[in-house]
Amino acid sequence: MRHAASVVRLVVVLAAALCLTAAAPASGRAQVQPVKAAFIYVGPVGDAGWSFAHDQGRKYLERNLPGVNTAFVESVPEGADAERVLTQFARDGYKVIFATSFGYMDAVINVARKFPDVRFEHCSGFKTAPNAATYFGRIYEARYLSGIVAGKMTTSNLIGYVAAHPIPEVIRGINAFTMGVRSVNPGAKVRVVWTNTWYNPASEKEAAKALLDAGCDVIAQHQDTPGPMQAAEERGKYGISYNSPMMQFAPRAVLTGPVWNWGPYYVKRVREVMDGTWKTGQYWGPMADGIVDLAPFNKAVPADVVKLVNGKKRDIIRGRLHPFAGPVKDNTGKVIVPAGRTLSDAEMLSFNWFVEGVEGTLPKK
């Protein structure tokens, strides 16, 4: 029995030695620790739009970064509910939390102050802290390209745009889209209808129907569901989708649309949390980074239009084309950006006016 006990002790010692060897950092490098990452979404992950695209990024993160565990809460209203969910995630040991809606901004900053050891990432906002960063993509580049498609495909020269909230992000998208439209069709107009909601399938679809009733033959959107595209499909008209490829919901209508690819960004930032190199900042990634792109073209889009758009895409990626290079007029005809100048990031991030060609008004504050 004493001999058996000695063998057992020897096995235990060898096992412990092996564990220590396996745990030791290779070549003196710091060991990467597992991490828990959390996501909060303003809509359901099945919206086929904004929250769906972010959740695809979360799944990409899990597939491509060993040692990360993720969780999410969907349909979190902007405001007090967001602060409650963020706080709970921080208390539950999540070391990096992604808040994926503009209206979460103040909640992120408030909770970040209480949990200095947690890293927060806020999508589309502008407030930062030592442990809170912002991130977004230059989706206006893809919006401009989709506007070229719409400008080429319209026959009525009246294009509808179903818009969510009158914030700079949405206004910037409308303006970039319109610049694209009018770069190939100076006589076309873009008519805007506001829904004042991010996710409401019924109201989004009804807004599109109103635009179709007014004579629009292409419908674009800054909304989180395929409702506007389905309205266009039912009327035999065209659509420009948003967030994710939506052709499956309206296969004859959807010509293309700006799309998001969040996965690589999530992998990069979570890896930085894991290896201790994460830093706060403000990321606004271009099409060249791959964070924004265009959905595949519908076969209804002529080959010459596809060629034109792909050429303009290359120009944007190479820095030869900027959607807001002057001259740019507002929709009263006043020159805001003279020839030879381009809107700065600060100006684009604070858009509160429409470019020439937009039919619509901005609500008064």
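The values are calculated or read from the model by the stated rules, or taken from the named source; none is laboratory data. Note that the structure is predicted; figures quoted are calculated from it, not measured. Using ideal geometry, Cβ is built from the backbone for each residue, glycine included, and neighbour counts are taken over all protein chains shown.
General remarks:
- ALA112 vs. criteria in the same structural domain as PHE297 (by TED's automatic domain parsing) and crowded, with 20+ Cβ neighbours inside 10 Å: no
- Per-region count, the stretch 87-135, residues closer than 20 Å to MET274 by Cα and of a type in the set (A, V, I, L, M): 9
- Figure legend. Inter-residue proximity from the stretch 263-282: first residues polar (S, T, N, Q), second residues surrounded by 14 or more Cβ atoms within 10 Å (Cβ to Cβ) and in a loop (DSSP other than H, G, I, E, B), beta-carbon distance below 6 Å, spacing 6+ or different chains. Indicated pairs: THR280/THR128.
- Every residue from the stretch 76-96 that is assigned to a helix (DSSP H, G or I) and of a type outside the set (Asp, Glu): ALA80, ALA82, ARG84, VAL85, LEU86, THR87, GLN88, PHE89, ALA90, ARG91
- Strands (runs of 3 or more DSSP E) contained in the stretch 257-365 and holding at least 1 residues over 23 Å from ILE97 (Cβ atoms): 258-260, 292-294, 335-337
- You will find that of PRO258, PRO264, the residue that is buried (at least 16 other Cβ atoms within 10 Å of the Cβ) and either modelled with pLDDT under 95 or within 20 Å of GLY173 (Cβ to Cβ) (or both) is PRO258 and no other.
- Residues that are in contact with a Pro (Cβ under 8 Å, 6 or more places away or on another chain) and of a type outside the set (A, V, I, L, M), drawn from the stretch 202-221: GLU204, LYS205, GLN221
- Here the condition is being hydroxyl-bearing (Ser, Thr, Tyr), surrounded by fewer than 19 Cβ atoms within 10 Å (Cβ to Cβ) and not assigned by TED's automatic domain parsing to the domain that holds VAL162; of THR342, THR280, it holds for THR280 alone.
- Taking the criterion of being in contact with a Cys (Cβ under 9 Å, 6 or more places away or on another chain) and either of a type in the set (Asp, Glu) or within 19 Å of ILE159 (Cα to Cα) (or both), the only residue of the stretch 237-266 that qualifies is LYS237.
- Scan the stretch 215-245 for residues that are without any contact (Cβ under 8 Å) to a residue 60 or more places away in the chain, of a type outside the set (Gly, Ala, Ser) and over 18 Å from GLY46 (Cβ atoms) and the total you get is 4.
- Matching residues, the stretch 48-75, being at pLDDT 95 or above, out of contact with any Pro (no Cβ under 6 Å at 6 or more places or on another chain) and not in a helix (DSSP H, G or I): GLY49, LEU65, VAL68, ASN69, THR70, ALA71, PHE72, VAL73
- Taking the conditions (1) buried (at least 24 other Cβ atoms within 10 Å of the Cβ); (2) out of contact with any Gly (no Cβ under 8 Å at 6 or more places or on another chain) in turn, ALA80 satisfies each one other than (1).
- Qualifying residue in the stretch 319-334 (condition: under 17 Å from ALA142 (Cβ atoms) and surrounded by fewer than 13 Cβ atoms within 10 Å (Cβ to Cβ)): yes
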